[in-house]
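Novice: Pasting a structure below so you can have a look.
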Amino acid sequence: MAASSTPALFACVALSLPFKFHSGGSDGLWYIVPSELSEQARPGSRALAPLGKREKTGVIVAVSSEAPAIASKLRPIIDVLDPGPVFDEEFLAWTKWVASYYLTSWGDVLAAALPEGLKPESRSRAIAIADAGQVSPFARSPRRAEVFAAISEHEGGISIQRLQELLKSTSLYASLNALERDGFIRIERPLTSRAKVRKEAVASLAFEVGSAELSLQLTTIERQAPKQASLLMALIDEARRESPVPVKQLLRRTKTTKATLAALVEKGAVITTTRELLRSTSSAKSTSSTDDISKLRLTLEQIEAVGQISIALDEAKAKTFLLHGVTGSGKTEVYIALARRVLDADGGVLILVPEIALTPQLIDRFRRRLSLGDGDEIAVLHSRMSTADRFAAWRSLASGRTKLAIGARSAVFAPIRDLKLIIIDEEHESTYKQYDKTPRYHARDIAVMRAARLNAVAVLGSATPAVESYYNARQGKYELLHLRERAKQAALPSVRVVDLRSAENRRDFAKARTSVTPELRDAIAVRLERKEGIVLLQNRRGFSTYLECIACGEPEMCPNCAVTLTYHKVRDQMRCHYCGHTAQKRATCSTCGKESMRLGGMGTERVEDDIRKAFPDAKLLRMDLDTTARKGAYRKILTAFANGEADILLGTQMVAKGLDFPRVTLVGVVSADTSLCIPDFRSSERTFQLLTQVSGRAGRSMELAGEVLIQTLQPAHPAIALSQAHDYEAFFDLELSDRTPLRYPPYSRLILIEFRGEKEAEVRDRAEKFATLLPERAAYYERIGPAPPAIGRLRGEYRWHLLIKDFKSQDPSGERIRRLIMGALELYQKRFATRDVGVFVDVDVQGVA
């Protein structure tokens, strides 16, 4: 480097990279900071940095004037993308812990924390510049030929992100760089593209309300221009808000034009400027408005819970509460009371929900209880939102303009200023665990840690707490609070178990081939006559879950996954619910060729078909992944059902959680055995939780009693019998006694190490070689496998698993097992790693099938 009066600076940039780049505990990669960027390069700012022939966006996590040991080989960063840090020091420290705990790179975690609009490298595009017929250069590289063919199919080029999705691979850069080097493609890399900040025009008074200048202006304008006077009066009325009024809103309200406003600006009575447009969540229609807010009063149990948590808030000390309340006990009212207290003190509040379907009702209730208007007081964050909407919500929180955020799993990274309270609703839900991409974090657990580091309060709420959470409460790690009675003086519903093994039901099923028993059919008829609401649960979508040959017994399988194809009647096609593969419904068997095919199993489409045949005049809405794919579909369905536009709401597990419809008096579970058949030690827990939660949708009004009918082949199973009795404590004790001798969670943390690749023999070989680096057992852990999982092939890749039980009594923090696994991974990279087999680590894995 040339001599300079300015001391040299070096920046450590955390990038989202494969394991081989961040092994050995490295926090990131070091770069030289050019002198012209020295003032901008601060920890928490995004930087564009070179990596091979690519440019990657990362986050600066450290700046130093001391040269690293390899300073002579360092390259300069290309640009600093922010005028100031987007993450503060506390946020960086917390995300570093997340990376360490989940054995992933710090850059992966920080990338997950950024909204999509702040990731400019996602816009890089590959464009073919050679004829697709020139295949000879690829004779030794089928992979390169495949990549080039995919690019050639898109005349205007294709984004690298989309290319990765099409080819189901993120390891494309070696092929792309080679193709670019050899002149077959060019890659456009927009280095400075940034998410656009939307602006809106706003207007405000040029003089203070009550001033002589304003009075004189108003008197003169009233005589000469009534429309201008009307607009000016509207601005005076809005002056109490102490913020400019959006011009569009102002003109709409006063029924005036831009010309009218321009005249007032010219006269010096009004000032117009622009500001960042931070979108409001209040424009959509409410899903439910049945509550009379003036009559809502907290119960004694709710008051006690609010009081206990408020003490912790006042002390500003880290504390975690587990709020165990029966369904309909009013946990949401406790959340609202706590949020109001924090917001009144100008603190920040984060509320996590497990399903996107829950956000509309929750937002509506918070808005009405907190008397929020049409501003931006609530930021909503979930994956179904557009990039622009998520970016606007993120900036609203980061700027401090919004202090309350509600969202699904990824909202745990919301940049809320002065965060004092984190609420995790339905904390038991497995959807809080990210399992399909890195980083594989559990939002509930990292939220608790985030609150602890901020000296904030975390509240975990559920009618059916996770076994681990309830165990923590019993051990004193969390403070346990109870809501044992339903709010509004409503009673818990009565629960009837319908035995599908009975002679009558077997005969009825054989004759009519229906999913609805006589008992459930009669109960539905009664509710339809009374014009009461009905919720039906079938936790499988599609029409039939498989198509099989009765001659040879073979089902039609997905060519990419070791699973059967599901028949969807609406589109008349077979579909894989894992990889998305579709095929026409076959009349002949693909194995033996005989015309002997029949459909088996049932999904929501089949139940819908049966209900419409039995009750042709009933109005039914189906709510599953197929019917909610479009933006706004959740809210549309829930609003229609809440308003009485439909008699029956049928769906998968999304109808079981958190929804509050007082008119619902009947819940029917079409098949309670679906989740019991999953090869997972948590299957009983999941079944008990699902049945208890869906049962709680019935009878939430004092005036209308609720009833639940559960159809099952296993009526004596504890998960079903104890959900019928509404007895969580008994179920918890029984579940704990089953897990104790096997040392399953909560006594251990489960860590899954998965090997994936297109060649089964090679995947197995790599898994077995890795196992030689990790002894089968020690005092603090036990290794199970390697072995193929229940679904041995997914999305064209074979899988082999190693499962590690890390005993918490011997390794409380998990530090010992993390060191052991990291060491084994480093040795594996040096000795055995191949480009054809990927290795993935999932700490606190929720399912291993």
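The values are calculated or read from the model by the stated rules, or taken from the named source; none is laboratory data. Quick caveat, the model's predicted, so the values are computed rather than measured. Every residue, glycine as well, gets a Cβ built from its backbone with ideal geometry; the counts of neighbours run over all protein chains shown. Accessible surface is based on the protein model in full, side chains and every heavy atom, while ligands, DNA and RNA are left aside. Shrake-Rupley method; radii C 1.70, N 1.55, O 1.52, S 1.80 Å.
Novice: First select every other residue whose beta carbon is under 13 angstrom from the beta carbon of residue 320; then total the charges, Lys and Arg +1, Asp and Glu -1.
Specialist: On the way: positive: 317, 319, 444, 450, 453, 477; negative: 427, 445, 468, 479.
Summing Lys/Arg as +1 and Asp/Glu as -1 gives +2.
Novice: Here is a further query. Taking the Cα centroid of region 604-637 and of region 787-849, what is the distance between the two, rounded to the nearest whole Å?
Specialist: Each part reduced to its Cα centre gives a spacing of 40 Å.
Novice: Please give the length that would be gained between residue 93 and residue 491 if that part of the chain were fully extended, namely 0.36 nm times their separation in residues minus their C-alpha to C-alpha distance (nm, one decimal).
Specialist: 138.6 nm
Novice: With a 1.4 Å probe and every protein chain left in place, work out the accessible area per residue of the chain in Å², rounded to a whole number.
Specialist: On a per-residue basis, 45 Å².
Novice: Classify region 624-782 as rounded, prolate or oblate, taking a ≥ b ≥ c as the square roots of the eigenvalues of its Cα gyration tensor: rounded when a/c is under 1.5, otherwise prolate if a/b is larger than b/c and oblate if not.
Specialist: Cα axes put region 624-782 in the oblate bin.
Novice: Over the chain, what is the relative contact order in percent, taking alpha-carbon pairs closer than 8 angstrom and at least six residues apart?
Specialist: It rounds to 10 percent for the chain.
Novice: Based on the mean of other beta carbon atoms within 10 Å per residue, what is the order of 339-351, 734-746, 57-69, most packed first?
Specialist: For the peptides 339-351, 734-746, 57-69, the packing ranking is 339-351, 57-69, 734-746.
Novice: Does region 434-569 come out rounded, prolate or oblate by the C-alpha gyration tensor, with a ≥ b ≥ c the root eigenvalues, rounded set by a/c under 1.5 and, if not, prolate when a/b is larger than b/c and oblate if not?
Specialist: Here region 434-569 falls in the oblate category.
Novice: Same structure, new question: In nanometres, what is the gap between the two model label sites at residue 368 and residue 502, each 7 Å from Cα along Cα-to-Cβ?
Specialist: Result: 3.9 nm between the two label points.
Novice: Gap in Å between the Cα centre of region 312-385 and the Cα centre of region 696-743?
Specialist: About 28 Å separates the Cα centre of region 696-743 from the one of region 312-385.
Novice: Quote the relative contact order of region 632-778 in percent (integer), defining contacts as alpha-carbon pairs under 8 Å separated by 6+ residues.
Specialist: 19
Novice: Under a 5 Å amide H to amide H cut-off, with H placed in plane at 1.01 Å, what residues pair with residue 459 once short-range neighbours are removed?
Specialist: 321, 422, 423, 424
Novice: Related question: So in the chain, which Cys have no other cysteine's beta-carbon sitting under 4.7 angstrom from theirs?
Specialist: Flagged as lacking a Cys partner: 12, 579, 677.
Novice: Under 8 Å for C-alpha pairs, at least 6 residues apart: give me the relative contact order for region 629-699, rounded to a whole percent.
Specialist: For region 629-699, the relative contact order is 36 percent.
Novice: When only the heavy atoms of the protein chains count and the probe is 1.4 Å, how do 755, 543 rank by accessible area, highest first?
Specialist: 543, 755
Novice: Given the -39500 (n - 2.57) contribution per DSSP H run of 4+ residues, what per-residue ellipticity at 222 nm results for the chain, rounded to the nearest 500 deg cm²/dmol? Can you show the working numbers first?
Specialist: Details: 25 runs with 273 residues, N = 849.
Helix contribution divided over all residues of the chain: -9500 deg cm²/dmol.
Novice: Whose amide H sits under 5 Å from the amide H of residue 536, counting only residues 5 or more places off or on another chain, with H placed in the peptide plane?
Specialist: 649, 650, 651, 668
Novice: Pop the C-beta distance of residue 617 and residue 430 into the FRET formula with R0 = 35 Å and round what comes out to the nearest 0.05.
Specialist: 0.40
Novice: Sticking with this structure for a sec: Run the simple label-point estimate for residue 826 and residue 304 please: 7 Å along Cα→C-beta, distance reported in nm.
Specialist: For residue 826 paired with residue 304, the spin-label model returns 5.3 nm.
Novice: Got a number for carbon plus sulfur as a percent of the chain's accessible area, 1.4 Å probe?
Specialist: On the way: 19020 of 38480 Å².
So the carbon and sulfur contribution to the accessible surface is 49 percent.
Novice: Same structure again: State, to one decimal in nm, how far the label point of residue 233 lies from the label point of residue 383, with both points 7 Å from Cα in the Cβ direction.
Specialist: Taking the two extended label points, one gets 5.2 nm.
Novice: How much length is gained if the chain between residue 592 and residue 54 is pulled fully straight, taking 0.36 nm per residue apart and subtracting their Cα-Cα distance, in nm to one decimal?
Specialist: Net length gain for the segment: 188.6 nm.
Novice: I want to make sure I understand the PRE zone here: with the label point 7 angstrom from the Cα of residue 225 toward its beta carbon, which residues in region 248-266 have backbone N atoms less than 18 Å away?
Specialist: 248, 250-266
Novice: Also, quick follow-up: Can you match Cα Rg over 2.2 N^0.38 Å to one of these, [x] 1.10; [y] 1.04; [z] 1.42, based on a calculation from the structure here?
Specialist: Only one listed value fits the structure, namely [y].
Novice: Could you give each residue of region 387-403 its phi-based ³J(HN,Hα) in whole Hz, using Karplus coefficients 6.51, -1.76, 1.60 with θ = phi - 60°, and x for Gly or Pro?
Specialist: Result, rounded to whole Hz: 4, 5, 5, 5, 5, 5, 5, 4, 5, 4, 6, 5, 7, x, 5, 10, 10.
Novice: What is the gain in length, in nm to one decimal, between residue 116 and residue 834 on full extension, counting 0.36 nm per residue of separation less the C-alpha to C-alpha distance? Numbers along the way, then the final one.
Specialist: Numbers: separation 718, 0.36 × 718 = 258.48 nm, distance 3.10 nm.
Gain on extension, residue 116 to residue 834, equals 255.4 nm.
Novice: Peptides 582-595, 561-574: what's the order by average Cβ count within 10 Å, highest mean first?
Specialist: Working: 582-595: 13.1, 561-574: 18.4.
Result, highest mean Cβ count within 10 Å first: 561-574, 582-595.
Novice: Take every DSSP beta bridge with both residues inside the chain and express the antiparallel ones as a percent of the total, to the nearest 5.
Specialist: Roughly 60 percent of the beta bridges in the chain run antiparallel, per DSSP.
Novice: Could you please report the charge total around residue 403, scoring K, R as +1 and D, E as -1 over all other residues with beta-carbon less than 9 angstrom from its beta-carbon?
Specialist: -1
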